[in-house]
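Notes follow the structure.
The values are calculated or read from the model by the stated rules, or taken from the named source; none is laboratory data. This is a predicted model, so every value here is computed, not measured. When we count neighbours, we look across all protein chains shown, and the Cβ atoms used for this are built from the backbone with ideal geometry, even at glycine. Just so you know, the surface numbers come from the protein's heavy atoms only, side chains and all, with ligands and any DNA or RNA stripped out. Shrake-Rupley method; radii C 1.70, N 1.55, O 1.52, S 1.80 Å.
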Amino acid sequence: MDRLLRVNMTDRTAKFEPIPSAYASRAGRWLTSSLVHDEVPATCHPLGPRNKVVFSPGFVTGTAAPTSSRISVGGKSPLTGGIKEANAGTGWGRRLARLGIRAVVVEGQPERDGGFWMLKIDAKGVSFEPADALTGKKLSEMVPGLAARYGGRDKVDVCAIGVAGEHKMGAAGVCFTDREGRATRYAGRGGLGAALGSKGLKAIVVDDSGAAEVPIADKAKFDQGRKKLAAALGEHAITKPKGALNAYGTAVLVNILNEAGGLPTRNFRSGRFEGATKIAGEAIFAGNKERVGKDVYNHPCSPGCIIGCSNTWHKRDGSEHTSCIEYESDWAFGANCGIDDLDQIAELNLLCNEYGLDTIEIGGTLAVAAEGGVWKFGDGKRAIELVREIADATPLGRILGNGALVTGRAFGVTRVPHVKGQNMPAYEPRAIKGIGMTYAVSTMGADHTSGYTIAPEILGVSGKLDPLNPQKTDLARNFQYATAFIDSTGHCLFIAFAILDIASGFEGVVEECAGVLGTDWTMNDVARIGKAVLDLELDFNRQAGFTAADDRLPEFMLHEKLPPHDGVWDVPDEEIDRVFD
Amino acid sequence: MKVEARTYASLSAPGEQAGEPREVELREAGTVADLISALGIEAADVHLVIVDGRISHRRDEPLRGGARVALFPAVGGG
Ligand code: SF4
C-alpha cells in the first residue's frame with residue numbers, strides 16, 4: 001500500500017503519486033477525512049469542481065484479517081454541506097489494496113457537460129472509457145454486464161452510481177458489488193453518489209489480477225492480532241457462526257427497539273410500531289424458510305467476512321427478491337412509513353439499490369412526504385410508485401431524491417427528524433439519549449454509525465446503561481473516537497459487538513494494524529487516532545460554517561412527547577457542546 | 001398475578017411466532033427470574049429483558065401484575 005491515484009475529471013487524466021509522508025500511517029476513514037480536510041476547500045459547492053471524492057481501503061484491507069473488506073469514501077456532502085465519510089463492505093477496496101493503491105482521489109469536473117465516463121484500474125495502470133451507454137439503467141442491469149466485459153466477478157469488482165447520482169440527488173449513494181457480484185453494497189449516506197455524478201464519473205472497475213500480496217511489516221504481530229480477533233468473533237454470541245447476526249441479520253433489532261419504545265414510527269410520531277413483529281428479522285427468517293423450504297442463514301457481503309450478516313429476501317416462488325434488507329432499510333420503509341408488508345419493504349429496498357439511493361434517507365423522506373400529504377402512511381403501493389418517480393426525475397421525484405429536509409420545505413412540514421440536513425436513522429433520540437447526543441454532534445449529520453451507543457444503552461454490550469438517562473456526554477465522545485479508529489482499520493463496524501466485550505479481540509485489531517504498518521501502536525493509541533480523525537472532520541465543518549447551533553435536534557422533539565415513554569428531548573445544550581469541547 | 005410475556009429470536013419455541021404475547025401466571029411480586037423459569041427457558045440464554053419498555057438489569061426485579069415483559073437472547077445489528 002504505497003500509492004495514491006489522482007484522477008482528474010476536468011481533463012480526464014490520472015496519475016500515481018507517492019503517499020505523502022504525513023499520511024504514512026493513515027488509511028480508511030483517517031486517510032479519506034485527511035485528504036478531504038487538507039485538499040477540499042470547506043466552503044466549496046459540493047457539486048462543483050473543487051469538491052473531491054476520495055476512496056481508501058483500511059489498514060488491514062486486502063490481508064487475511066477477518067471481516068476487513070471495507071472501503072471508506074469521503075468528500076464534502078451534497079446533503080449536509082459538511083464532511084462525509086461513508087463505508088461499504090465489498091471486494092472492491094480489497095482489490096485496490098492489493099494493487100498497492102491506498103487512496104483514489106477523484107477531482108475536477110468537465111468544463112462543459114461531457115457525458116459520463118468510467119475508469120478501469122488494473123496492474124497495468126488506469127484508463128478512461130466512455131460510459132454514456134451505461135446511464136439511465138437499473139444497477140442490476142448494468143453492473144453485471146460491465147463486470148463480465150472485464151473478466152467477470154472473480155476478476156473484478158465494480159463501484160458505480162445509479163440514476164440518482166446521474167441526476168445529482170442528495171440521497172444518491174455510491175454502490176459497490178458484493179461477494180456474489182450483486183450491485184447492492186452502499187456507501188450510502190450523505191449524497192456522495194451525487195458528487196461523483198457531478199464529475200461525470202459513472203463507474204470504476206478494479207481488476208487486481210497479477211497483484212502482489214499486501215505487504216506486512218511485522219508478520220508475527222499481524223498474525224497474532226488476526227487470530228485474537230478471529231477468536232473473539234467466533235466466540236461472541238452476536239458475531240459467531242449461526243449467532244444473532246448470521247441467523248437473523250441486523251433486522252433482529254426491530255423487535256428490541258420496539259419493545260424499548262425507541263423504534264421511530266410514522267415519521268417519529270411514536271416509539272412503537274404495531275406491525276413490528278411482521279417485519280422483524282425473525283419474520284424474515286420464518287418467511288424465507290416457508291418460501292425456500294429450509295433455514296436460510298445470512299451470507300458475507302464481502303470476501304473474508306466471518307460474521308456474515310447479509311440477508312436475502314425471497315419471493316413467494318422461492319426466487320431472490322432483494323439483498324440485503326438491513327435493519328435500517330427495514331425500519332425506514334417499514335415502521336417509519338407505517339408499512340408492515342415485507343414484500344413491499346423488499347421492493348422499496350430493491351428499487352433503492354437499482355437507482356443508487358440511500359434507503360435511510362429515502363425512507364425518511366417518504367415519511368416526511370406522507371406527513372405533508374403526498375401519500376398516506378402504510379400505502380406501500382404508492383410508496384413504490386414514488387420511488388420510481390425519483391428514478392424518472394419528475395419534479396416530484398427530484399424533490400424526494402434530494403432528501404427529507406428539501407421535501408419538508410417543499411411541502412411545509414416542520415417535523416423533519418434530521419441533523420445537519422441528514423435524516424435520522426432507526427433509533428429514537430427521545431427514548432435513547434446517548435444516540436441522540438451522537439446524532440447532534442456527529443460530523444456526519446444524524447448518523448448511528450458514528451458512535452453506536454445502542455450497544456450499551458439497549459443491547460447490554462460493553463456495559464448496561466439506562467437509555468432514558470440523559471447523562472451520556474462521555475459515552476457519546478468515547479464511542480465516536482473508537483468508531484473513527486475502527487473505520488480506519490478497514491474492519492466492518494460490526495466487529496465492535498465482539499471486541500467491546502472481549503478485550504483480547506480489540507488488542508488483536510490494534511496488533512493487526514501495527515503489524516501491517518510496522519508501528520508500535522497499543523490500545524492506548526485507539527482513542528488518540530480516533531480523536532485525530534474527529535478533529536480533522538470537526539475542523540472541516542467549522543470552516544464550512546457549522547456552529548454549535550447546528551449540533552441540535554429538531555425543535556419538535558423538544559416539546560412533542562413520544563409514546564410510550566412520553567419523554568421529550570431533554571439533554572441540555574451545554575452537555576451537547578461538551579462532547580467535543 | 002398474570003404478566004404478559006413475549007419471547008424473541010432463538011428464545012421462541014419452534015413453530016411459535018416471535019413476539020406472540022403469552023399470559024403467564026406468577027406469584028404476587030414474582031420476579032424476572034421467576035418468569036424465565038415459568039417459561040422453561042434456560043436462564044443463561046436470556047441476555048436482554050425489557051419490562052414495560054424499560055431495560056431491566058436485575059433478574060430479581062419484581063414485576064407488577066399485567067407487566068409487558070420481553071425476553072431476548074444476545075442480539076446485535078446496526
Ligand atoms: S458483518 Fe455484515 S456488513 Fe459487516 S462485512 Fe460482514 S456481512 Fe458485511
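For the reader, a short list of remarks on this structure follows.
- FRET efficiency, 1/(1 + (r/R0)^6) with R0 30 Å, evaluated for B:H57 and A:D341 via beta carbons: 0.25
- Low-density loop positions, trypsin sites (Lys or Arg not before Pro), the stretch A:238-292 - DSSP coil, at most 12 other Cβ in 10 Å: A:K242
- Of all DSSP beta bridges confined to the stretch A:1-129, the antiparallel ones make up roughly 80%.
- Other residues lying with their Cβ under 12 Å from the Cβ of A:V406 contribute a combined charge of +1, Lys and Arg counting +1, Asp and Glu -1.
- Only Lys, Arg (+1) and Asp, Glu (-1) charged, at Cβ; the stretch A:3-207 dipole about Cα centre in debye: 340
- For the pair B:R22 and A:E385, label points projected 7 Å from Cα toward Cβ lie 4.4 nm apart.
- The distance from the alpha carbon centre of the stretch A:107-175 to that of the stretch B:1-47 is 52 Å, rounded to a whole number.
- Test item: A:246-258 mean partner chain Cβ contacts at 10 Å: 5
- Distance in nm between pseudo-label sites at A:Y297 and A:E17 (7 Å out along the Cβ direction from Cα): 4.6
- Centroid-to-centroid separation of the stretch A:415-486 and the stretch A:497-560 [C-alpha atoms, Å]: 12
- Trypsin sites (Lys or Arg not before Pro) lying in DSSP loop within the stretch A:9-71, provided at most 16 other Cβ fall within 10 Å: A:R12, A:R50
- Additional length obtainable on full extension of the chain from A:R149 to A:A548, 0.36 nm per residue less Cα span: 138.6 nm
- With a 10 Å cut-off around each Cβ of A:455-461, the average count of Cβ atoms from other chains is 4.
- Within chain A, DSSP assigns beta bridges of which about 80% are antiparallel (rounded to the nearest 5).
- Accessible heavy-atom area order of A:D207, A:D539, A:D570, highest first, probe of 1.4 Å: A:D570, A:D539, A:D207
- Counting, for every residue in B:47-60, the Cβ atoms of other protein chains within 10 Å of its Cβ and taking the mean gives 5.
- Heavy-atom accessible area with a 1.4 Å probe sorts A:D343, A:D520, A:D11, largest first, into A:D520, A:D11, A:D343.
- Spatially, the stretch A:230-295 and the stretch A:381-399 are offset by 29 Å when compared through their Cα centroids.
- When both bridge partners sit in the stretch B:2-72, DSSP labels roughly 75% of those beta bridges antiparallel.
- Restraint check, A:K84/A:K168; A:K84/A:K472; A:K278/A:K376; A:K381/A:K561; A:K52/A:K137; A:K294/A:K376, Cα-Cα greater than 27 Å: A:K381/A:K561; A:K294/A:K376
- Where A meets B: accessible area buried, both sides, 1.4 Å probe, Å²: 2200
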